[in-house]
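Data first, discussion second: the structure below is written as structure tokens.
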């Protein structure tokens, strides 16, 4: 239920943010009043989308699952970056920290040290093997979201 709410909120905020960004001007010339009204509406929508993303980020910070927290915060930060770079930078930092914790927890759970898994023969089963194979490095996922605007966004990692 929580995941459904999360994804519904993300979808809603992305839809609202898409409508908040400028669109191509129409062929007809608008009166100055109509242009001002359109700009005002656009700013209101952008502010509403920003508030929804920040609200979603505060919900994501309370997730107990560190992997879900890292993924959610990274995606929210990426969506928020265009509107509020400082808040996006903060959320990327939080996502990175959550990804580090998730990686550490996964390594402890799977008994991985120095990149090698130490599995006892009696623990060898299909569940253990699938856990090893499906153990993604969430830090890479966070970096992939930062990568498209790396020159601008990379400052968050250096300041860490």
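Throughout, read-outs are computed from the coordinates displayed, never taken from laboratory work. Given the structure is predicted, the values throughout are model-derived calculations rather than measurements. All Cβ positions, glycine included, derive from the backbone under ideal geometry; neighbour counts span all protein chains shown.
At full extension, residue 55 and residue 108 could sit 15.9 nm farther apart than now, given 0.36 nm per residue minus the alpha carbon distance. Using the Cβ-Cβ distance between residue 65 and residue 45 with R0 set to 25 Å, the FRET efficiency works out to roughly 0.20. The peptide list 137-147, 76-86, 54-64, 35-45, put in order of mean Cβ contacts within 10 Å with the highest first, becomes 76-86, 137-147, 54-64, 35-45.
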